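Nothing in this text is a laboratory measurement; each read-out follows from the coordinates by a stated rule. None of these values were measured; they are calculated from a predicted model. Ideal geometry is used to build each Cβ from the backbone, glycine not excepted, and the neighbour counts take in all protein chains shown.
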Amino acid sequence: MHHLHPALIGTYETVLRRNAGEVEFHQAVLEVLESLHAVVEKRPEYVEASIIERICEPERQIIFRVPWVDDQGVVQINRGFRVNFNSALGPYKGGLRFHPSVYLGIIKFLGFEQTFKNALTGMPIGGGKGGSDFDPKGRSDAEIMRFCQSFMTELYRHIGEYTDVPAGDIGVGGREIGYLFGQYKRITNAYEAGVLTGKGLTWGGSQARKEATGYGTVYFVKEMLDAHGEGFDGRRVVVSGSGNVAIYAVEKAQEFGATVVAVSDSNGYVVDEGGIDLDLVKQIKEVQRGRISEYAVARTSARHIAGGSIWDVPCDVALPCATENELSAEGAAALVKGGVKYVGEGANMPTTPDGIRVLHEAGVHYAPGKAVNAGGVATSALEMQQNASRDSWSFDYTDQRLHKIMKGIHDNCLETADEFGQPGDYVAGANIAGFIQVADAMLALGVI
Ligand code: NDP
């Protein structure tokens, strides 16, 4: 059952037909279209110029073969993707994901979300996303390097500082960006630093980029708390995942005085009632590339629950920072039972539509990933600015800009929600504000 404006039903049906079986993409599109009721009423020109239908169709979709040789000498074949979703506001911008679950539907949902998220940052960047069904787990450094080199040997012809600028996502961090950038530089014989973001600090990277998505998530949620006269100090916080976004969300929440009691990975979660020891998590995840269960081996105060749901842990603030659809209606009900008051999405689309409904009905303040986690890509745009001007800024300056951008996005969401008659609704605010920015640019650029 959907709640679409009658003028949008045909558009949604076209999306379903054109993208058969791509359920994550359908889900992401429906969420945005459902937010546009009041927009269609107030601004019929978007429907008349078929802007909404056009915005749902990627400008270009690239699929390619990625052959590589593993450590045993066996030839492996993966599939690579890059979806150029929308370039009305700037070059395509969005991460690369390496995970066995990757297929076109996931890349498209991410690219679609990215388009509105990037608009919300106020920076001149369009939306795109890419990746591969390659599984980095258990692979040696040499295998990761050979895979990245093969991936870039095809991708390089499609990207560029003014065309498309990839970055990291699940399974793609500093190590992978290094191998990708090295191969790009070798093939093109040019030091085009602005072609990728998330680079290392000695070769064109930006201070605070590694921390930006997690820090930005907590900056956004701090604004949500402030708006209700509350703060992070003394709050119980649960953060799912233990990757890049989760680690730096934990770091900033702890800095603001919260007690983070649980983190997870795809095998289970750990609870440490006295507060998660983040140095230990970093050692296990960033250095050893190990499993979160090792935390409970090293810390007797903690317990590891294999396969369970982290949302069973009572908390005031929940930050889903792992992956899409990780917080279902059941998980949301458990959170509500545990007393949750705020949910801010560090991951992309981690809460299912039913989960969102449960949170809304319980009066939980809930904000979606495309607003909350936009600090990552915003800081990537700051990295591009530094590359373009051959400059490098201090950590504090970059972090202050990030903080300001997150406050701006938060306020824009609330003001837009108010303006369109849905006060306090961060989903409506984020979707409408992002949409209008892109739609107005598309109108101005004509039918292209
Ligand atoms: P990482 O690869 O660094 O970490 C991902 C974490 O999520 C790991 O703990 C991983 O566990 C867990 N995870 C991944 N897939 C699953 C799954 N299917 N089920 C359960 N747990 C899972 O990725 P990031 O931290 O970069 O990304 C996390 C989320 O944030 C994603 O939704 C991403 O799209 C989003 N995001 C990332 C940005 C960035 O700058 N990196 C920017 C904006 C959004 P395990 O190790 O067991 O796989």
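Below 8 Å, C-alpha to C-alpha, sequence gap of six or more: please give me the relative contact order for the chain in percent. Don't jump to the answer; show the numbers that get you there.
On the way: 926 pairs, mean separation 68.1, N = 448.
Relative contact order of the chain: 15 percent.
Which of the aspartates and glutamates could be linked to residue 129 by a straight reach, that is with a Cα gap under 13 Å, when you skip same-chain ones fewer than 8 residues away? Within the straight-line cut-off, residue 129 pairs with 59, 113, 164, 169. Computed over the chain, the per-residue total of -39500 (n - 2.57) for DSSP H runs of n ≥ 4 gives a 222 nm mean residue ellipticity of -14500 deg cm²/dmol, rounded to 500.
Tell me, Kirkwood radius of the range 307-446 from alpha-carbon pair distances, in Å?
Numbers: mean 1/r = 0.0603 Å⁻¹.
Across the range 307-446, the inverse of the average 1/r is 16.6 Å.
Rg and Dmax of the range 1-95, based on Cα coordinates, read 18.0, 62 Å. Judged by the mean number of other Cβ atoms found within 10 Å, the most tightly packed of the peptides 261-272, 150-161, 121-132, 389-400 leads the ranking 121-132, 261-272, 150-161, 389-400.
For the pair the range 127-204 and the range 393-433, the centres of their Cα atoms are 30 angstrom apart.
Quote the FRET efficiency, to the nearest 0.05, computed for residue 186 versus residue 288 with a Förster distance R0 of 30 Å and r equal to the Cβ-Cβ distance.
Values: r = 30 Å, r/R0 = 0.99.
Approximately 0.50, to the nearest 0.05.
The Cα atoms of the range 60-191 give a gyration tensor whose axes a ≥ b ≥ c have a/c of 1.5 or more with a/b greater than b/c, which makes the shape prolate. Taking the square roots of 5 times each eigenvalue of the Cα gyration tensor of the range 172-214, largest first, gives ellipsoid semi-axes of 20, 10, 7 Å. Centre-to-centre, using Cα atoms only, the range 358-376 and the range 66-103 are separated by 28 Å.
Which values of log₁₀ I(q)/I(0), to two decimal places, follow from the Debye formula for the chain at q = 0.10, 0.13 Å⁻¹ with a uniform point scatterer at every Cα? Log-scaled intensity ratios, in q order: -0.68, -1.19.
Nearest-5 percent of antiparallel DSSP beta bridges in the range 60-191?
Values: 18 of 25 bridges.
Counting DSSP beta bridges with both partners in the range 60-191, the antiparallel share is about 70 percent.
Once you treat every alpha carbon in the range 211-362 as an equal point and sum by Debye, what is log10 I(q)/I(0) at q = 0.16 Å⁻¹? The computed values of log10 I(q)/I(0) come out as -0.78. Under the criterion of Cα pairs below 8 Å and six or more residues apart, the relative contact order for the range 211-362 equals 23 percent.
From the largest down, the range 122-194 spans 38, 29, 18 angstrom on the principal axes of its Cα atoms.
Of the DSSP beta bridges with both residues in the chain, give the percent that are antiparallel, rounding to the nearest 5.
55
Considering only alpha-carbon pairs that sit under 8 angstrom and 6 or more positions apart, the relative contact order computed for the range 1-127 is 25 percent. Remark on residue 313: its backbone amide H falls under 5 Å from none of the residues 5 or more positions apart or on other chains, H modelled at 1.01 Å from N.
Once backbone amide H atoms are built at 1.01 Å from N, residue 129 has 83, 85 as its partners under 5 Å, excluding neighbours fewer than 5 places away on the same chain.
Under Stokes-Einstein, with the Kirkwood radius over Cα pairs as Rh, the value for the range 131-283 at 37 °C and 0.692 mPa s is 189 µm²/s.
For the pair residue 357 and residue 390, the difference between a 0.36 nm per residue extended length and the Cα-Cα distance amounts to 7.2 nm.
Going from the alpha-carbon gyration tensor of the range 172-257, what semi-axes, largest first and in whole Å, does one get by taking the root of 5 times each eigenvalue? Each step should come with its number before you reach the end.
Numbers: eigenvalues 244, 30, 15 Å².
In descending order the semi-axes read 35, 12, 9 Å.
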